[in-house]
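Enquirer: My questions all concern the structure below.
The values are calculated or read from the model by the stated rules, or taken from the named source; none is laboratory data. Everything numeric here is computed off the predicted structure, so don't read it as measured data. Virtual Cβ from ideal backbone geometry, glycine too; neighbours counted across all protein chains shown. Heavy atoms of the whole protein, side chains included, go into the accessibility calculation; ligands, DNA and RNA do not. Shrake-Rupley method; radii C 1.70, N 1.55, O 1.52, S 1.80 Å.
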Amino acid sequence: MERKFAVQLYTLREEVKEGIRPLFKTLKEMGWAAVQISGLPKDYDQHEVALALKENNLNAAGMHVSLNRFKNDINGVLKEAELYGTKDIILPFLAPDLQKPEVYIEIKKLLNQIAKENPEYRISYHNHAFEFDIEINGQDALTYILDPANNNQILAELDVYWLEKAGRDPVSYMTPYANRMPIIHLKDMTSDGRQTYAEVGTGVIDFPSILQWGEANGIEWYAVEQDVCERPPLECLETSLKNLKKFAKQIK
């Protein structure tokens with residue numbers, strides 16, 4: 001399982017500005033197997049990213065891609081994914097002004113069209129908590145966009161913190177997406193009243209059960225993301241990795 005642990009680079013969005021190649025070297029030395037492409041500087045060089053992956057023997061555990069790029073630069077996105085050796089392309093977020101039923105209806109059509117036209121790639125959607133407050137045809141927006149029925153080809157990239165934040169039990173919620181979720185997002189929630197981001201294994205979320213489910217149901221990458229860190233992000237990631245490795249030893 002340790003070969004499936006990845007860093008979501010949004011966690012290191014400030015550190016990556018200081019140099020992609022040295023940062024990737026640090027992550028490899030820490031023990032990570034992959035990075036998920038996100039949070040890079042606006043002027044990043046795709047070939048530098050590809051080189052950093054290759055020279056550090058790191059995999060790319062998918063790419064987070066803006067809605068704008070899905071709409072207006074999908075060919076560029078596919079070429080970039082090919083450069084990094086990944087087939088997973090994920091829509092990670094919708095701006096507040098787009099969090100509306102009609103937008104989700106449009107996006108579901110768009111992502112399905114892209115998936116059908118490019119069957120060698122996998123298109124996924126990453127959740128927060130706001131989707132549960134949007135209703136579409138009797139379903140919340142997350143259920144709507146991920147619904148396995150009617151040949152929907154949009155896969156899940158569920159974030160266990162946001163499920164917990166929305167009052168859902170992560171393992172129970174994930175059940176319908178068995179073998180439809182190649183990547184899962186892991187971050188913990190503090191046990192105090194703030195319910196804010198925490199390193200994996202230091203808060204309230206039951207990670208052994210999540211890992212157990214993941215190993216039985218097709219998870220290929222466990223991507224650790226900590227949106228806000230109260231210590232240096234690399235230290236937080238080191239704590240998360242240490243605890244993940246401990247939990248992995250409990251999985252049979």
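Enquirer: Looking at Glu102, Glu2, can you tell me which residue is open to solvent by 70 Å² or more (accessible area, probe 1.4 Å), among the acidic types (Asp, Glu) and at pLDDT 95 or above? Don't jump to the end; show me each part of the working.
Expert: Numbers: Glu2 fails: at pLDDT 95 or above.
After applying the criteria, what remains is Glu102.
Enquirer: Between a residue in region 226-248 that is touching a residue at least 12 places away in the same chain (Cβ under 8 Å) and any residue that is open to solvent by less than 30 Å² (accessible area, probe 1.4 Å) and among the aromatic types (Phe, Trp, Tyr), which pairs come within a Cβ distance under 6 Å, given they are 6 or more apart or on different chains?
Expert: Leu244/Phe5; Phe247/Phe207
Enquirer: Being closer than 20 Å to Ile183 by Cβ and of a type outside the set (Ser, Thr, Tyr) is the filter here; which residues of region 9-29 pass it? Can you show your working first?
Expert: Filtering region 9-29 down to residues closer than 20 Å to Ile183 by Cβ leaves 9-13, 16, 24, 27-28.
Leu9, Leu12, Arg13, Val16, Phe24, Leu27, Lys28 - these are the residues of region 9-29 that are closer than 20 Å to Ile183 by Cβ and of a type outside the set (Ser, Thr, Tyr).
Enquirer: Something else: Under the condition of being open to solvent by less than 30 Å² (accessible area, probe 1.4 Å) and hydroxyl-bearing (Ser, Thr, Tyr), which residue from region 157-210 is nearest to Leu9 (Cα to Cα)?
Expert: Here the answer is Tyr161.
Enquirer: Taking region 159-212 as the search range and keeping residues that are assigned to a helix (DSSP H, G or I), in contact with an Asp or Glu (Cβ under 8 Å, 6 or more places away or on another chain) and not aliphatic (A, V, I, L, M), which one is farthest from Asn243 (Cα to Cα)? It would help to see each step written out before you state the result.
Expert: Residues of region 159-212 that are assigned to a helix (DSSP H, G or I), as a first pass: 160-165, 170-177, 207-212.
In the following step, the residues that additionally are in contact with an Asp or Glu (Cβ under 8 Å, 6 or more places away or on another chain) were identified as 161, 163, 170-171, 207.
Retained after the next criterion (residues that are not aliphatic (A, V, I, L, M)): 161, 170, 207.
Details: Tyr161: 16, Pro170: 18, Phe207: 9 Å.
That would be Pro170.
Enquirer: Another one. What pairs come out if I take residues in region 81-109 that are touching a residue at least 40 places away in the same chain (Cβ under 8 Å) and pair them with residues that are open to solvent by less than 10 Å² (accessible area, probe 1.4 Å) and aromatic (Phe, Trp, Tyr) whose C-beta lies under 6 Å away, six or more apart or interchain?
Expert: Hits for this filter: zero, empty list.
Enquirer: So, in region 224-252, of the ones that are acidic (Asp, Glu) and in a helix (DSSP H, G or I), which residue ends up most open to solvent (accessible area, probe 1.4 Å)?
Expert: Our first condition is that a residue be acidic (Asp, Glu); within region 224-252, this holds for 225, 227, 230, 235, 238.
Narrowing the set further to residues that are in a helix (DSSP H, G or I) leaves 235, 238.
Values: Glu235: 86, Glu238: 105 Å².
Here the answer is Glu238.
Enquirer: If you don't mind, there's one more thing I want to ask. Is there any pair with a first residue in region 1-17 that is of a type in the set (Lys, Arg) and a second that is open to solvent by 10 Å² or more (accessible area, probe 1.4 Å) whose Cβ atoms are under 7 Å apart and which are 6 or more apart or on different chains, and what are they?
Expert: Close Cβ pairs satisfying both conditions: Arg3/Ala33; Lys4/Ala33; Lys4/Glu220; Lys4/Trp221; Arg13/Gly39; Lys17/Pro41.
Enquirer: Could you tell me how many of the residues in region 132-149 are within 18 Å of the chain's Cα centre (by Cα) and either in a strand (DSSP E or B) or without any contact (Cβ under 8 Å) to a residue 24 or more places away in the chain (or both)?
Expert: Residues that pass the stated criteria total 2.
Enquirer: A follow-up question, please. Out of Asp133, Asp88, Asp97, Asp140, report the one residue that is of a type in the set (D, E, K, R), within 29 Å of Gly167 (Cβ to Cβ) and in contact with a Phe, Trp or Tyr (Cβ under 6 Å, 6 or more places away or on another chain). Before the answer, list the steps.
Expert: Details: Asp133 fails: in contact with a Phe, Trp or Tyr (Cβ under 6 Å, 6 or more places away or on another chain); Asp88 fails: in contact with a Phe, Trp or Tyr (Cβ under 6 Å, 6 or more places away or on another chain); Asp97 fails: in contact with a Phe, Trp or Tyr (Cβ under 6 Å, 6 or more places away or on another chain).
None of the other options fit; the residue is Asp140.
Enquirer: Also, I was wondering about something else. Looking only at region 111-131, count every residue that is part of a helix (DSSP H, G or I), open to solvent by 30 Å² or more (accessible area, probe 1.4 Å) and within 30 Å of Met189 (Cα to Cα) and tell me the total.
Expert: Step one: list which residues in region 111-131 are part of a helix (DSSP H, G or I), which gives 111-117, 130-131.
Filter once more, keeping what is open to solvent by 30 Å² or more (accessible area, probe 1.4 Å): 113, 116-117, 130.
Next, from what is left, pick out any that are within 30 Å of Met189 (Cα to Cα): 130.
Total satisfying the criteria: 1.
Enquirer: Restricting the search to region 77-91, which residues are in contact with a helix residue (DSSP H, G or I) (Cβ under 8 Å, 6 or more places away or on another chain) and either closer than 16 Å to Leu40 by Cα or open to solvent by 40 Å² or more (accessible area, probe 1.4 Å) (or both)? Can you show your working first?
Expert: Going residue by residue through region 77-91, those that are in contact with a helix residue (DSSP H, G or I) (Cβ under 8 Å, 6 or more places away or on another chain) are 77, 80, 83-85, 87-89, 91.
Within region 77-91, Val77, Glu80, Leu83, Tyr84, Gly85, Lys87, Ile89, Leu91 meet the criteria.
Enquirer: Do we find a residue being assigned to a helix (DSSP H, G or I), of a type in the set (D, E, K, R) and either in contact (Cβ under 8 Å) with a residue 60 or more places away in the chain or open to solvent by less than 40 Å² (accessible area, probe 1.4 Å) (or both) anywhere in region 49-70? Outline the logic, then answer.
Expert: Applying the first criterion (assigned to a helix (DSSP H, G or I)) to region 49-70 yields 49-55, 67-70.
Going one step further and asking which of them are of a type in the set (D, E, K, R), we end up with 54-55, 69.
From what is left, the residues that are either in contact (Cβ under 8 Å) with a residue 60 or more places away in the chain or open to solvent by less than 40 Å² (accessible area, probe 1.4 Å) (or both) are none.
Checked against the condition, which is being assigned to a helix (DSSP H, G or I), of a type in the set (D, E, K, R) and either in contact (Cβ under 8 Å) with a residue 60 or more places away in the chain or open to solvent by less than 40 Å² (accessible area, probe 1.4 Å) (or both), region 49-70 yields no hits at all.
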